[in-house]
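The values are calculated or read from the model by the stated rules, or taken from the named source; none is laboratory data. As the structure is a prediction and not an experimental result, all values here were calculated from the model. Methodologically, a virtual Cβ is constructed for each residue, glycine included, from the backbone with ideal geometry; neighbour enumeration extends over all protein chains shown.
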Amino acid sequence: MFSLKPHFVSSENTADIVLDVNDPAEVGPDLIAAAVAGYRKHGGPIVLVDMGTATTLSRIDSRGRFEGVAICPGLKLSAEALFRRVSYLPEVSLRFPERILGKNTVESLQSGLLYGHVAMIEGMVTRLSQRYGDTTKVVACGGISHIIKDLCRVITFYEPYLVLDGIRMICEKKDRKSSKKYGGGHLRF
(Lines give C-alpha, C1' and ligand atoms only; values in the text may rest on other atoms or scores of the structure.)
Protein backbone atom coordinates (compact mmCIF):
# COMPACT_ATOMS: atom_id res chain seq x y z
CA MET A 1 0.00 0.00 0.00
CA PHE A 2 2.83 2.45 0.86
CA SER A 3 5.39 0.86 -1.48
CA LEU A 4 7.73 0.33 1.47
CA LYS A 5 9.45 -2.83 2.57
CA PRO A 6 8.74 -3.45 6.27
CA HIS A 7 11.59 -3.61 8.78
CA PHE A 8 11.52 -6.15 11.57
CA VAL A 9 13.34 -5.91 14.89
CA SER A 10 15.09 -9.18 15.65
CA SER A 11 18.40 -10.65 16.76
CA GLU A 12 19.54 -10.17 13.14
CA ASN A 13 19.44 -6.35 13.33
CA THR A 14 20.48 -5.19 16.78
CA ALA A 15 22.24 -2.01 15.60
CA ASP A 16 25.08 -1.30 18.07
CA ILE A 17 24.15 -3.99 20.60
CA VAL A 18 25.74 -7.45 20.83
CA LEU A 19 23.45 -10.10 22.29
CA ASP A 20 25.70 -12.04 24.67
CA VAL A 21 23.17 -14.79 25.47
CA ASN A 22 22.91 -18.51 24.71
CA ASP A 23 20.39 -18.09 21.88
CA PRO A 24 20.06 -14.52 20.53
CA ALA A 25 16.89 -15.51 18.64
CA GLU A 26 15.14 -15.91 22.04
CA VAL A 27 15.60 -12.23 22.91
CA GLY A 28 12.32 -10.44 22.26
CA PRO A 29 12.18 -7.51 19.85
CA ASP A 30 10.93 -5.24 22.66
CA LEU A 31 14.04 -6.03 24.72
CA ILE A 32 16.29 -5.46 21.70
CA ALA A 33 14.63 -2.13 20.86
CA ALA A 34 14.86 -0.92 24.47
CA ALA A 35 18.52 -2.00 24.65
CA VAL A 36 19.42 -0.12 21.47
CA ALA A 37 17.70 3.09 22.57
CA GLY A 38 18.84 2.86 26.17
CA TYR A 39 22.47 2.32 25.21
CA ARG A 40 22.47 5.06 22.55
CA LYS A 41 20.82 7.59 24.85
CA HIS A 42 22.59 6.81 28.13
CA GLY A 43 25.62 4.62 27.39
CA GLY A 44 26.54 1.71 29.60
CA PRO A 45 26.56 0.06 31.94
CA ILE A 46 22.82 0.36 32.10
CA VAL A 47 19.91 -1.62 33.51
CA LEU A 48 16.60 -1.30 31.68
CA VAL A 49 13.50 -1.92 33.77
CA ASP A 50 10.60 -2.44 31.36
CA MET A 51 7.29 -2.60 33.20
CA GLY A 52 4.58 -4.12 31.07
CA THR A 53 2.77 -7.45 31.29
CA ALA A 54 6.05 -8.73 32.68
CA THR A 55 8.64 -6.61 34.42
CA THR A 56 12.00 -7.26 32.80
CA LEU A 57 15.44 -6.15 33.92
CA SER A 58 18.06 -6.18 31.16
CA ARG A 59 21.71 -5.19 31.50
CA ILE A 60 23.92 -3.71 28.81
CA ASP A 61 27.59 -3.23 29.65
CA SER A 62 29.86 -0.30 28.75
CA ARG A 63 30.79 -1.90 25.40
CA GLY A 64 27.19 -2.44 24.28
CA ARG A 65 26.91 -6.12 25.21
CA PHE A 66 23.41 -7.22 26.19
CA GLU A 67 24.33 -9.49 29.09
CA GLY A 68 20.96 -11.01 29.86
CA VAL A 69 17.54 -10.41 31.30
CA ALA A 70 15.46 -11.30 34.36
CA ILE A 71 11.74 -11.75 33.69
CA CYS A 72 9.40 -11.14 36.64
CA PRO A 73 5.61 -11.02 36.86
CA GLY A 74 4.36 -7.57 35.97
CA LEU A 75 2.44 -5.41 38.40
CA LYS A 76 -0.94 -5.71 36.64
CA LEU A 77 -0.44 -9.43 36.07
CA SER A 78 0.35 -9.96 39.76
CA ALA A 79 -2.72 -7.97 40.78
CA GLU A 80 -4.99 -9.86 38.38
CA ALA A 81 -3.69 -13.23 39.56
CA LEU A 82 -4.26 -12.26 43.20
CA PHE A 83 -7.81 -11.03 42.57
CA ARG A 84 -8.74 -14.11 40.52
CA ARG A 85 -7.22 -16.69 42.87
CA VAL A 86 -8.38 -15.27 46.21
CA SER A 87 -12.13 -14.89 45.95
CA TYR A 88 -12.63 -12.63 48.97
CA LEU A 89 -10.11 -9.96 47.90
CA PRO A 90 -11.47 -6.95 46.01
CA GLU A 91 -9.87 -5.49 42.93
CA VAL A 92 -8.04 -2.26 43.74
CA SER A 93 -6.64 0.60 41.73
CA LEU A 94 -2.88 0.57 41.26
CA ARG A 95 -1.92 3.61 43.27
CA PHE A 96 0.30 3.97 46.31
CA PRO A 97 -1.55 4.05 49.64
CA GLU A 98 -0.73 6.67 52.28
CA ARG A 99 1.11 4.15 54.47
CA ILE A 100 3.13 0.99 53.96
CA LEU A 101 1.09 -1.07 56.43
CA GLY A 102 -2.51 -0.81 55.39
CA LYS A 103 -5.30 -0.17 57.86
CA ASN A 104 -7.88 -1.83 55.60
CA THR A 105 -7.95 -4.44 52.83
CA VAL A 106 -7.65 -1.97 49.95
CA GLU A 107 -4.63 -0.17 51.47
CA SER A 108 -3.05 -3.49 52.38
CA LEU A 109 -3.38 -4.83 48.84
CA GLN A 110 -2.10 -1.60 47.30
CA SER A 111 0.86 -1.57 49.64
CA GLY A 112 1.81 -5.17 49.00
CA LEU A 113 1.45 -4.86 45.25
CA LEU A 114 3.10 -1.48 44.72
CA TYR A 115 5.71 -1.24 47.47
CA GLY A 116 6.42 -4.92 46.90
CA HIS A 117 7.07 -4.28 43.21
CA VAL A 118 9.34 -1.33 44.06
CA ALA A 119 11.24 -3.52 46.55
CA MET A 120 11.64 -6.27 43.94
CA ILE A 121 13.10 -3.79 41.42
CA GLU A 122 15.39 -2.18 44.00
CA GLY A 123 16.54 -5.59 45.22
CA MET A 124 17.28 -6.87 41.72
CA VAL A 125 19.20 -3.70 40.77
CA THR A 126 21.18 -3.88 44.02
CA ARG A 127 22.10 -7.50 43.31
CA LEU A 128 23.16 -6.63 39.75
CA SER A 129 25.33 -3.78 41.03
CA GLN A 130 26.95 -6.09 43.57
CA ARG A 131 27.51 -8.78 40.94
CA TYR A 132 29.08 -6.47 38.37
CA GLY A 133 30.70 -4.06 40.80
CA ASP A 134 29.96 -0.89 38.89
CA THR A 135 27.74 2.13 39.07
CA THR A 136 24.85 1.44 36.79
CA LYS A 137 22.31 3.81 35.30
CA VAL A 138 18.77 2.49 35.64
CA VAL A 139 16.17 3.41 33.05
CA ALA A 140 12.46 2.77 33.66
CA CYS A 141 10.18 2.29 30.68
CA GLY A 142 6.96 0.52 29.79
CA GLY A 143 3.28 0.96 30.45
CA ILE A 144 3.34 0.77 34.25
CA SER A 145 6.60 2.64 34.83
CA HIS A 146 4.84 5.97 35.40
CA ILE A 147 3.25 4.52 38.54
CA ILE A 148 6.53 3.26 40.04
CA LYS A 149 9.19 5.73 38.85
CA ASP A 150 8.91 8.36 41.57
CA LEU A 151 9.09 6.00 44.53
CA CYS A 152 11.76 3.62 43.24
CA ARG A 153 15.09 4.96 44.54
CA VAL A 154 17.27 3.15 41.99
CA ILE A 155 15.66 4.63 38.87
CA THR A 156 17.87 7.34 37.40
CA PHE A 157 16.03 7.98 34.11
CA TYR A 158 12.41 7.67 32.98
CA GLU A 159 11.92 6.97 29.27
CA PRO A 160 8.26 6.09 28.66
CA TYR A 161 8.78 5.55 24.91
CA LEU A 162 12.15 3.79 24.99
CA VAL A 163 10.99 0.74 23.02
CA LEU A 164 9.45 2.92 20.31
CA ASP A 165 12.63 5.02 20.18
CA GLY A 166 14.66 1.84 19.71
CA ILE A 167 12.42 0.60 16.90
CA ARG A 168 12.84 3.96 15.17
CA MET A 169 16.64 3.86 15.63
CA ILE A 170 16.91 0.33 14.25
CA CYS A 171 14.68 1.14 11.28
CA GLU A 172 16.58 4.33 10.50
CA LYS A 173 19.89 2.49 10.56
CA LYS A 174 18.53 -0.30 8.38
CA ASP A 175 16.96 2.27 6.03
CA ARG A 176 20.29 4.10 5.68
CA LYS A 177 21.97 0.84 4.72
CA SER A 178 19.22 0.07 2.18
CA SER A 179 19.42 3.59 0.83
CA LYS A 180 23.15 3.32 0.25
CA LYS A 181 22.77 -0.10 -1.33
CA TYR A 182 19.81 0.75 -3.58
CA GLY A 183 20.01 4.52 -3.88
CA GLY A 184 16.52 5.04 -2.39
CA GLY A 185 15.27 7.67 0.05
CA HIS A 186 15.14 7.45 3.82
CA LEU A 187 12.15 6.23 5.74
CA ARG A 188 10.65 9.07 7.81
CA PHE A 189 8.77 8.78 11.10
inquiry  = Taking the condition of being surrounded by 15 or more Cβ atoms within 10 Å (Cβ to Cβ) and either within 22 Å of G143 (Cα to Cα) or among the aliphatic types (A, V, I, L, M) (or both), how many residues in the stretch 95-125 meet it?
reply    = 17
remark   = Within the stretch 1-35, restricting to residues that are closer than 14 Å to C171 by Cβ and assigned to a helix (DSSP H, G or I), the one that is farthest from the chain's Cα centre (by Cα) is P29
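Conditions tested, residue by residue: (1) at pLDDT below 95; (2) in contact with an Asp or Glu (Cβ under 6 Å, 6 or more places away or on another chain).
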site: R65; (1), (2): no, yes
site: A70; (1), (2): no, no
site: R84; (1), (2): yes, no
site: Y88; (1), (2): yes, no
site: E91; (1), (2): yes, no
site: L94; (1), (2): yes, no
remark   = Only one of (1) in contact with a Pro (Cβ under 9 Å, 6 or more places away or on another chain); (2) over 21 Å from T136 (Cβ atoms) does not apply to A25, and that is (1)
key: Leading residue by the ranking (nearest to the chain's Cα centre (by Cα)) among those in the stretch 70-88 that are in contact (Cβ under 8 Å) with a residue 12 or more places away in the chain and in a helix (DSSP H, G or I)   = L75
ask   = Out of all the residues in the stretch 36-65, which are over 14 Å from T136 (Cα atoms) and either crowded, with 21+ Cβ neighbours inside 10 Å or among the hydroxyl-bearing types (S, T, Y) (or both)?
value = V36, A37, D50, M51, T53, T55, T56
ask   = Exactly one of (1) assigned to a helix (DSSP H, G or I); (2) of a type in the set (V, I, T); (3) at pLDDT 95 or above is unmet by V154. Its number?
value = (1)
request  = Kindly indicate whether any position in the stretch 69-79 is crowded, with 17+ Cβ neighbours inside 10 Å and more than 29 Å from R168 (Cβ to Cβ).
outcome  = yes
ask   = Can you name the residue in the stretch 80-93 that is in contact with a helix residue (DSSP H, G or I) (Cβ under 7 Å, 6 or more places away or on another chain) and surrounded by 15 or more Cβ atoms within 10 Å (Cβ to Cβ) and is also nearest to L128 (Cα to Cα) among such residues?
value = V92
key: Among the residues listed as R59, R65, R127, R153, the single one being touching a Pro at 6+ places or on another chain (Cβ under 8 Å) and among the basic types (K, R)   = R59
